[in-house]
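First the structure, in the form of structure tokens, and then the observations on it.
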Amino acid sequence: MFTGIIEKTGKIVHIEQENTNYHFTIEVDFADELKVDQSMAHDGCCLTIVNLDKEKKQYVVTAMDETMQKTNLCTWKVGYEVNLERSMKMDGRFDGHIVQGHVDQTAVCEKVVDENGSWRYFFTYDASRSNFTVPKGSISVNGVSLTVVDSEKGRFSVAIIPYTQEVTNFHNFTKGTIVNIEFDVFGKYVQQLLSQYMTDKE
């Protein structure tokens, strides 16, 4: 489980395809603190460390075909800056919101608005999948825990403070950038229960 508070950004230094799997080698300065089999969120997508080179400060994660199809990993290139968060410690502070690392779908950056001290990012997504946002609700964008500002069917916006703009890969977003989104887990459970209730009533 994660909280949506990004620790660092890492850099993809190598990509290797093996059948339908992709192996991503990522460089980050805390690689010497990692271990094989550890789970970590990459742009909000939970991946397992399968290889580690502490001297080079690099590690490898593998993404299967399903992950490649349903996330923005299919757009990653060598040099890409990825948001990283290690799993939450049981004795840690819960500073964000519950993020499972299970990407629901991707969204597209519609526009970025400079608001003189903060930035507003607008995203569109496929609303036919029954996912939704609510004003002041929580959402994870590329693994970053954020509060929804504007909420419409298939569209939402979030506001970013300078710190978040600097330490995450949000500063690279432009119109058309594809991002991973994970909707609020409590909202998804409520929606599922209500959907089942309405089906039973029929």
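The values are calculated or read from the model by the stated rules, or taken from the named source; none is laboratory data. Since the structure is predicted, the reported quantities are computational estimates derived from the model, not experimental observations. Neighbour counts are summed over all protein chains in view; Cβ atoms, including those assigned to glycine, are modelled from backbone coordinates with ideal geometry.
Out of T25, T106, T62, report the one residue that is closer than 30 Å to D150 by Cα and either of a type in the set (G, A, S) or surrounded by 13 or more Cβ atoms within 10 Å (Cβ to Cβ) (or both).
Just one listed residue meets the conditions, T106.
Taking into account only those residues within region 89-101 that are buried (at least 18 other Cβ atoms within 10 Å of the Cβ) and part of a loop (DSSP other than H, G, I, E, B), which is modelled with the lowest pLDDT?
G96
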Problem set entry | Odd one out for I98, checked against (1) in contact (Cβ under 8 Å) with a residue 60 or more places away in the chain; (2) within 22 Å of E166 (Cβ to Cβ); (3) of a type in the set (V, I, T) | (2)
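Can you report the number of residues in region 146-188 which are part of a loop (DSSP other than H, G, I, E, B), within 16 Å of the chain's Cα centre (by Cα) and either within 26 Å of M1 (Cβ to Cβ) or of a type in the set (F, W, Y) (or both)?
Looking only at region 146-188, we keep the residues that are part of a loop (DSSP other than H, G, I, E, B), and these are 153-154, 161, 168, 173-177, 184.
Filter once more, keeping what is within 16 Å of the chain's Cα centre (by Cα): 168, 173, 177, 184.
Of the ones still in play, those that are also either within 26 Å of M1 (Cβ to Cβ) or of a type in the set (F, W, Y) (or both) are 168, 173, 184.
Final tally of qualifying residues: 3.
Filter region 1-38 for residues that are among the β-branched types (V, I, T) and touching a residue at least 24 places away in the same chain (Cβ under 8 Å) and give the result.
If the condition is that a residue be among the β-branched types (V, I, T) and touching a residue at least 24 places away in the same chain (Cβ under 8 Å), then T3, I5, I6, T9, I12, V13, I15, T20, T25, I26, V28 are the ones that fit.
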Exercise. Can you tell me which residues in region 102-145 are within 12 Å of V158 (Cα to Cα), of a type in the set (S, T, Y), over 17 Å from the mean Cα position of the chain (by Cα) and not in a loop (DSSP other than H, G, I, E, B)?
Worked result: none
Exercise. Name the pairs whose Cβ atoms lie under 7 Å apart, with the first residue in region 72-83 and in contact (Cβ under 8 Å) with a residue 24 or more places away in the chain, the second among the aromatic types (F, W, Y) and buried (at least 20 other Cβ atoms within 10 Å of the Cβ), and 6 or more positions between them or separate chains?
Worked result: W76/F24
Exercise. Are any residues in region 6-46 under 23 Å from H171 (Cα atoms) and assigned to a loop (DSSP other than H, G, I, E, B), and if so, which ones?
Worked result: I6, E7, V28, D29, F30, D43, G44
For this session: Only residues that are aliphatic (A, V, I, L, M) and either touching a helix residue (DSSP H, G or I) at 6+ places or on another chain (Cβ under 7 Å) or farther than 17 Å from T75 by Cα (or both): list them for region 1-40, please.
Result: M1, I5, I6, V28, A31, L34, V36, M40
Exercise. Among the residues of region 114-141, which ones are among the polar types (S, T, N, Q) and either exposed (fewer than 13 other Cβ atoms within 10 Å of the Cβ) or in contact with a Cys (Cβ under 9 Å, 6 or more places away or on another chain) (or both)?
Worked result: N116, T124, S128, S130
